[in-house]
Structure formats: structure tokens, C-alpha cells
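A short reminder: the numbers here are calculations on the coordinates, not readings from a lab. Keep in mind that what you see is a predicted model, and the values were worked out from it rather than measured. FYI the Cβ positions are ideal-geometry reconstructions off the backbone, even for glycines, and counts take in every protein chain you see.
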Amino acid sequence: MPVFKVQKSYQEINEKIKRGKVVVVNAEEMIDIVEERGAIKAAQEIDVVTTGTFGAMCSSGAILNVGHTTPKMKISRAKLNGVPAYCGLAAVDLYIGASELPDEDPRNTVYPGEFRYGGAHVIQDLVMGKPVEMEAWAYGTDCYPRRYFQTELLLHELRNAILFNPRNAYQNYNCAVNSTGRTIYTYMGVLKPQFGNATYSTAGQISPLMNDPYFKTIGVGTRIFLGGAQGFVAFYGTQHTMDVPRLPNGTPTEGAGTLCVIGDLKKMDPQWIVAASLQGYGASLYVGIGVPIPILNEEMARFTAVRDEELVAQIIDYGSDYPNGVNRSLGTATYKELKEGTIVVQGKTVHATPMASYPKAIEISNLLKEEIRKGRFFLGEPQATLSQL
């Protein structure tokens with residue numbers, strides 16, 4: 001076990017927050033602090049580093065308790081604004097998935113110009129205070145005799161509305177290109193033929209999981225900024241893995257860790273829960289997430305000083321390799337190169353554009369920073385870090 005010269009506890013940092021004595025900076029600011037003062041001095045002076053990300057997170061959704069009818073009903077099938085919701089939970093509990101589409105939507109046919117209204121838009125409409133039409137069907141039982149019900153749902157009238165996202169905040173992700181002779185339409189956006197463009201979807205040096213690459217402070221019970229409100233890490237997310245190649249700074253060179261997150265949808269802000277219709281693909285939900293990283297020691301100070309030029313993404317061909325399940329990289333690009341707008345793929349200079357918003361990620365990190373400074377946001381010490389699960 002390493003012996004650190006600086007050692008802090010969650011309790012000590014939370015006491016500083018309570019007394020208004022906490023020193024908190026965002027991950028972008030931490031880079032210069034560590035460079036100028038060194039990791040040990042930075043760890044002595046800085047208590048919390050805030051991070052942020054704002055991008056499309058398809059593996060998202062909401063659990064809605066829509067309330068009992070008179071007579072009572074055990075819902076077995078439901079649609080919200082025409083979008084199917086999953087009903088196999090309990091009598092009046094529904095789960096609406098962000099990427100779900102209406103039954104009549106021809107999912108397997110590409111219509112590049114068409115707008116796709118899906119589950120993400122239902123969630124956004126609820127957060128915006130708009131009414132959502134619900135149609136519900138049931139087979140009828142002695143205790144739940146009703147077979148059909150139609151009504152309008154308003155978020156503030158629901159007993160419970162819980163944002164529950166099985167896979168958010170990917171630790172790293174692909175840079176997507178297209179080698180074929182035709183334009184393709186993907187969840188990574190529109191990709192032009194013959195390496196006509198590249199897209200990527202990670203905030204880089206401000207991204208939460210890049211600043212704690214081994215999950216030494218992030219785990220079950222970690223309090224986070226989620227959709228404009230306070231939420232929590234519930235568990236590791238789906239597709240989470242630690243078993244990937246890593247750079248000397250600990251960051252993965254491909255997709256690795258993910259978070260399963262949960263929070264009260266009623267408290268969220270439509271600025272940070274935004275539906276997207278991806279051309280020729282379907283619906284997704286842009287979710288704002290910010291994770292505070294406690295600087296417990298100098299190791300965490302070093303981790304939170306990672307730079308875009310020290311982070312890489314794998315360049316993957318979404319025209320042929322990705323859809324065919326071929327795990328082949330065409331090389332890597334640093335996040336510094338990606339954010340500067342051009343990368344080189346097989347000798348060709350390719351224009352790169354983000355699917356995630358770095359300015360919004362910075363804004364989230366600053367909002368979280370101010371909440372901590374003002375004593376409105378305390379650190380949640382994890383019951384178990386994701387590295388322990």
C-alpha cells in the first residue's frame with residue numbers, strides 16, 4: 001500500500017464545506033495548479049476538484065409511478081405520447097427508455113431527414129412541465145379489474161418520478177469515421193464517405209471518469225450533479241470494465257468504466273435533460289453529469305491534473321468494422337487533436353467534431369463548484385468504490 005504525505009478524509013472535507021472553508025477548483029484549473037506547485041502542495045491546498053460532461057447517453061430512462069385509477073388497474077401495456085413504456089414492474093410503475101421509439105416508427109429503415117420523437121422527448125417534456133398523454137391497457141384481474149385508461153400526466157402531479165440511467169458518463173469512447181463510399185447515419189452522428197469527417201463523444205480532461213481513472217473515490221453512494229439536481233451513483237453501469245489497456249497516467253485507451261446513476265426527476269432542469277433526434281438513427285438523451293473528486297492525497301491531485309494531450313481515443317471505422325463486430329483500431333487521436341478540429345487517418349487529414357459539449361461540461365463543473373463553495377453540496381462517501389466491486 002502506498003504511503004501518502006497528504007491524507008484527508010471525507011469527513012474533514014465536508015466539515016470544511018460546512019464552515020465555508022473548502023477550497024474547490026474545476027479539473028481544468030487543477031492542471032495549472034499541479035504544474036505550478038506540484039502534486040503534494042496541490043493536495044495540501046485543494047480539497048475538491050469538480051468535473052463535468054454533457055453528451056448523448058442512450059442508456060437512460062425514467063421510472064414513473066402514475067398513480068392508481070378508480071377502479072384499480074394493473075397496467076400491462078402503456079404508451080406515453082405514443083412511445084411504448086415498459087410495464088413489468090408493478091401495477092402502476094412504468095419505465096420509459098430514452099431511446100425507445102413509437103411502434104409505427106420504421107427503425108430498420110433510414111430516413112435521413114425525418115425527426116424521431118422517442119422516450120427521451122417524453123422525459124424532456126415532463127421536465128419542461130408539459131402534459132404527456134398516457135394510454136394504458138390491462139388484462140384485468142379480480143383485484144385490478146380496469147382494462148383501459150387514458151389521461152394526461154404532469155410531472156409535479158406524479159407521486160414518484162425517478163431518473164434511473166443504467167449506463168452514463170463513459171470513461172472513454174471511440175472516435176468514429178467512415179471508410180465506405182456512402183454516407184452513413186449512426187449514434188455518433190452523420191459520417192461522410194471516405195473519411196470525410198470524424199466525430200467523438202468525450203469531454204476529455206474535464207470528464208468525470210478521466211479524473212479518477214481507477215475509481216478510488218467514485219462508488220455506490222457518491223453524490224453527483226445529475227440533470228441540474230443532486231443525484232447519486234447507484235452502481236457501476238452496464239458494459240463497465242476495468243480490464244482495458246491504460247496509459248502511464250492510468251487513463252484507459254478505449255471504452256472502460258461507466259456509471260449507473262439515479263436521481264429525482266422532479267428536481268431536474270430542462271437545461272440539463274435534453275432530448276435529441278439523431279438523423280437516421282433515433283432518439284437519445286443528453287444528460288448533464290458532474291462528479292466532485294475529493295483530493296484525499298497527492299495521488300488524486302495527480303489524477304485530476306490530466307491533460308487533453310495525455311488522453312487518447314481509438315479511431316474506429318463505423319462504415320465497415322463497427323457494424324460487423326470487428327474490433328480493429330485505425331490508430332489513436334489525442335483529445336487535444338480532436339478538440340483542435342483535425343486528426344490524421346491513414347495519411348488523410350480529417351475534420352473532427354464533438355458529439356458532447358465541452359463548454360457545457362465546463363459550465364457543469366463550475367455550477368457544482370459554486371454549490372460546494374456555498375455549502376449546498378456535500379460529498380457522499382461511497383459505501384464501496386467501483387474499484388472494490
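Looking at the chain, I'd like the Rg to Rh ratio, where Rg is from alpha-carbon atoms and Rh is Kirkwood's inverse mean 1/r. Numbers along the way, then the final one.
On the way: Rg = 22.2 Å, Rh = 22.1 Å.
Using Cα coordinates only, the ratio equals 1.01.
Take THR238, THR202, THR50 and order them by how many other Cβ atoms sit within 10 Å, fewest up front.
Details: THR238 12, THR202 28, THR50 31.
Final ranking by Cβ density, sparse to dense: THR238, THR202, THR50.
For the stretch 261-346, what number results from the quotient of the Cα radius of gyration and 2.2 N^0.38 Å?
The reported ratio for this selection is 1.51.
I'd like the orientation of helix 358-373 relative to the chain: the angle between its Cα long axis and the longest Cα principal axis, in ° from 0 to 90, rounded to 10.
That works out to roughly 80 degrees.
Can you give the FRET efficiency to the nearest 0.05 for GLN7 and PHE164, using r as the Cβ-Cβ distance and R₀ = 41 Å? Before the final figure, lay out the partial values.
On the way: r = 35 Å, r/R0 = 0.86.
Approximately 0.70, to the nearest 0.05.
Through the Karplus equation 6.51 cos²θ - 1.76 cosθ + 1.60, θ set to phi - 60°, convert the phi angles of the stretch 341-348 into ³J(HN,Hα) values in whole Hz; use x for Gly and Pro.
Residue by residue, the stretch 341-348 yields x, 9, 10, 10, 10, 6, x, 9 Hz.
Output the 0 to 90 degree angle, nearest 10, between the alpha-carbon long axis of helix 10-19 and the longest principal axis computed from the alpha carbons of the chain.
Relative to the chain, helix 10-19 is tipped by roughly 80 degrees.
Just PHE235, PHE149, PHE303 to compare: in a GNM of the chain, with alpha carbon springs under 10 Å, which one fluctuates most?
Taking springs between Cα atoms under 10 Å, the residue moving most is PHE149.
Measure off 7 Å from each Cα along the Cα-to-Cβ vector at GLU36 and SER76, then give the distance between these two points in nanometres to one decimal.
Simple spin-label model gives 6.7 nm for this pair.
Could you derive backbone 3J(HN,Hα) for the stretch 145-151 from the dihedral phi with the Karplus parameters 6.51, -1.76 and 1.60 (θ = phi - 60°), listing whole Hz in sequence and x where the residue is Gly or Pro?
Each residue of the stretch 145-151 in turn: x, 5, 10, 8, 7, 9, 7 Hz.
Using a 10 Å cut-off on Cβ atoms, rank the peptides 53-63, 372-382 from the highest mean neighbour count down. All intermediate terms of the calculation are to be shown ahead of the outcome.
Values: 53-63: 24.5, 372-382: 17.5.
Sorting 53-63, 372-382 by mean packing, highest first, produces 53-63, 372-382.
Sort ARG146, ARG246, ARG182 so the one with the fewest other Cβ atoms within 10 Å of its own Cβ comes first.
Working: ARG146 18, ARG246 15, ARG182 10.
With the sparsest Cβ surroundings first, the list reads ARG182, ARG246, ARG146.
As a test, work out the antiparallel percent of DSSP beta bridges whose residues both lie in the stretch 229-363, rounded to the nearest 5. Please list the in-between numbers first.
Details: 19 of 19 bridges.
Taking every DSSP beta bridge with both residues in the stretch 229-363, the antiparallel ones total about 100 percent.
Hey, fewest Cβ within 10 Å first, where do LEU101, LEU154 land in order?
On the way: LEU101 19, LEU154 12.
With the fewest neighbours first, LEU101, LEU154 line up as LEU154, LEU101.
Would you mind pulling out the separation of the Cα centroids of the stretch 59-82 and the stretch 153-203, in Å?
27 Å
Given the C-alpha centroids of the stretch 307-333 and the stretch 241-263, what is the distance between them in whole angstrom?
15 Å
Could you run the Karplus curve 6.51 cos²θ - 1.76 cosθ + 1.60 with θ = phi - 60° over the stretch 75-90 and give me ³J(HN,Hα) per residue in whole Hz, x for Gly and Pro?
5, 10, 8, 8, 10, 10, 6, x, 9, x, 10, 7, 10, x, 10, 6
Using alpha-carbon pairs under 8 Å, 6+ residues apart, how would you state the relative contact order of the chain in percent?
Computed value for the chain: 26 percent relative contact order.
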